[in-house]
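This report refers to the structure that appears directly beneath it.
Every number in this text was worked out from the coordinates using simple rules, so none of it is lab data. Since we're looking at a predicted model, the values are computed, not measured. Counting neighbours? That spans all protein chains shown, and the Cβs are built from the backbone with ideal geometry, glycine included.
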Amino acid sequence: MWWRFAQAVRRGEHRLSITTWLTAVTAVLYTLLPIDLIPELFLGPFGFIDDLGLWGVFLMLATREKNEWELRWKGEARVVDAEGPFVDAEVV
């Protein structure tokens, strides 16, 4: 379902919140730039903890966006029968 969600975002069918976009850009830049709160050079693998934390926040926000999109997508996919089981009181 992630692939469909990514395609919906790309096509403009779902707009991500500004918070999700900013977190994604921040996570990418923070991972790639040499400026770091916990440097990997001195602390080795423990230096990736802050990077993983930021990616975790992004994943949480993206999952929330995907769940909202899924609810709306599944709601639009339903077909409602206009002549369903209800009986008009005047007809009876």
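The table for this structure:
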item: Peptides 38-51, 19-32 ordered by average Cβ neighbours within 10 Å, highest first; result: 19-32, 38-51
item: Net lengthening on full extension, Thr19/Arg4 (0.36 nm per residue, minus Cα-Cα); result: 3.3 nm
item: For the stretch 6-81: rounded, prolate or oblate by the Cα gyration tensor [a/c cutoff 1.5]; result: prolate
item: Additional length obtainable on full extension of the chain from Leu32 to Phe46, 0.36 nm per residue less Cα span; result: 3.4 nm
